[in-house]
Amino acid sequence: MSPSATLPDESTSSVQADPAVLALRKTLTSETAPLAKRFRALFSLKHLAAQKPATTQTVPAIQAIAAAFTSPSALLKHELAYCLGQSGKDEAVPFLRAVIEDRQEDAMCRHEAAEALGALGDLNSLDLLRHRRDDTQEEEIVRETCDIAIERIEWVHSEAGKAERLKHSDFASIDPAPPLAESTTAPSIPTLEHSLLDTSLPLFKRYRAMFALRDMASPPDLPTAVPAVQALARGFKDPSALFRHEIAFVFGQLSHPASIPSLVETLSDAKESSMVRHEAAEALGSLGEEAGVEDVLKKFLDDPEQVVRDSVIVALDMAEFERNGEMEYATIPAE
């Protein structure tokens, strides 16, 4: 990718006026800084970018995150796109569109940029997303993600979507699809699992079942938690790498010990997509306090896939964070 040519112009005057953002930006964009340190800087910037109401640090933080798209690390760039989507700010849209439009960029990064536009609910990006979805020459994971993003944007802005009452979730993330609407009769785990695994359904509907199952597994002592995790784990047999990667992401959010066997199996499968294996590694990092997890991760420090090696480095840093009981995986505390 040639971000200097394709990413929107930005003024650095606002960045330079804020020493905290400037210091974080310097770490994030440094190719000599340890990857784990760069990730902590990124999540610090994400916190600043997502503040509500917006502050004087908001736009500079978004610009700082986008500045790191010059990195050769696919893992880092995919995480940049995710964080821009989680910011909830329209100022992130031009940077994300530029990533999707760059055919030379890694497909994993472009998929995450498409998902981020869906998270932002950006109506003006619908034409771009439809074009990528319908382009038969496009990477499958990008096409599938664009399809989900389109459905989410349309759902967010529809009268039906606005009228839906969603069950409260323990997770603050902006998900690719909402969980199922709250109803007088809660759906059973077998019913949700059926929808999750039904490949004849649109991915958006299957994702809704996925996030409904996630919410039934939190907190971890719920009687539905282990059965919900087990239902989700069966999603690792799905033919879609995008879908399998999202299962691993959800397990990272849940940090439930019942997910460890399926995550280890996924990471250990050399034939599995690196996009899925890397997400499994990071999910295991969130379970770093559990016995044996760090030893498993260390076995993959020399994995043939760069994105997996990088993910293991970050996962081991996350495991240390979990073990030390730190409040926030960042270099500055959340306010």
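Identify all residues within region 68-82 that are open to solvent by less than 20 Å² (accessible area, probe 1.4 Å) and within 17 Å of Ser30 (Cβ to Cβ); write none if there are none.
Ala68, Phe69, Ser71, Ser73, Leu75, Leu76, Lys77, Glu79, Leu80
Working carefully through the options Ser195, Ser183, Ser125, find the one that is at pLDDT 95 or above and either out of contact with any Lys or Arg (no Cβ under 9 Å at 6 or more places or on another chain) or over 27 Å from Asp102 (Cβ atoms) (or both).
Criteria check complete, one pass: Ser195.
Among Ile100, Ile141, Ile153, which is the only one that is more than 13 Å from the chain's Cα centre (by Cα), of a type in the set (A, V, I, L, M, F, W, C), under 18 Å from Phe243 (Cα atoms) and in a helix (DSSP H, G or I)?
Exactly one of Ile100, Ile141, Ile153 is more than 13 Å from the chain's Cα centre (by Cα), of a type in the set (A, V, I, L, M, F, W, C), under 18 Å from Phe243 (Cα atoms) and in a helix (DSSP H, G or I), namely Ile141.
Search region 194-215 for residues being touching a Leu at 6+ places or on another chain (Cβ under 7 Å) and touching a residue at least 24 places away in the same chain (Cβ under 8 Å), and hand back the single one that is surrounded by the fewest Cβ atoms within 10 Å (Cβ to Cβ).
Arg206
Return a yes/no flag: does region 247-264 have any residue that is in contact with a His (Cβ under 9 Å, 6 or more places away or on another chain), assigned to a helix (DSSP H, G or I), modelled with pLDDT of 95 or more and under 23 Å from Val312 (Cβ atoms).
Yes, some residue in region 247-264 is in contact with a His (Cβ under 9 Å, 6 or more places away or on another chain), assigned to a helix (DSSP H, G or I), modelled with pLDDT of 95 or more and under 23 Å from Val312 (Cβ atoms).
What is the one condition in (1) open to solvent by 10 Å² or more (accessible area, probe 1.4 Å); (2) more than 19 Å from the chain's Cα centre (by Cα) that Gln51 does not satisfy?
Here Gln51 meets the rest and fails (2).
In region 97-135, which residue that is closer than 20 Å to His278 by Cα and touching a Gly at 6+ places or on another chain (Cβ under 7 Å) is most open to solvent (accessible area, probe 1.4 Å)?
Glu115
Taking the options Asp221, Asp170, name whichever one is closer than 23 Å to Glu322 by Cβ, charged (D, E, K, R), surrounded by fewer than 21 Cβ atoms within 10 Å (Cβ to Cβ) and under 17 Å from the mean Cα position of the chain (by Cα).
Asp170
Every residue, every condition in (1) in contact with a His (Cβ under 6 Å, 6 or more places away or on another chain); (2) of a type in the set (Val, Ile, Thr), yes or no:
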residue: Ala92; (1), (2): no, no
residue: Leu96; (1), (2): no, no
residue: Val99; (1), (2): no, yes
residue: Asp106; (1), (2): no, no
residue: Cys109; (1), (2): yes, no
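Here are Arg244, Arg234: which of them is open to solvent by 50 Å² or more (accessible area, probe 1.4 Å), assigned to a helix (DSSP H, G or I) and not aliphatic (A, V, I, L, M)?
Arg234
Among the residues of region 264-275, is any within 18 Å of the chain's Cα centre (by Cα), more than 27 Å from Cys146 (Cβ to Cβ) and crowded, with 19+ Cβ neighbours inside 10 Å?
yes
Got a sec? Which helices (runs of 4 or more DSSP H) wholly within region 30-96 have at least 2 residues that are over 24 Å from Val307 (Cα atoms)?
Fully inside region 30-96 and qualifying: 35-49, 58-67.
Counting only residues that are assigned to a loop (DSSP other than H, G, I, E, B), at pLDDT below 90 and not charged (D, E, K, R), how many does region 156-168 have?
The number of residues fulfilling the criteria is 1.
The values are calculated or read from the model by the stated rules, or taken from the named source; none is laboratory data. Keep in mind the model is a prediction, meaning the values are calculated, not measured. Because the Cβ atoms are built from the backbone with ideal geometry, glycine has one as well, and the counts that use them run over all protein chains shown. To get the accessible areas, we keep the full protein, side chains included, count just its heavy atoms, and leave off ligands, DNA and RNA. Shrake-Rupley method; radii C 1.70, N 1.55, O 1.52, S 1.80 Å.
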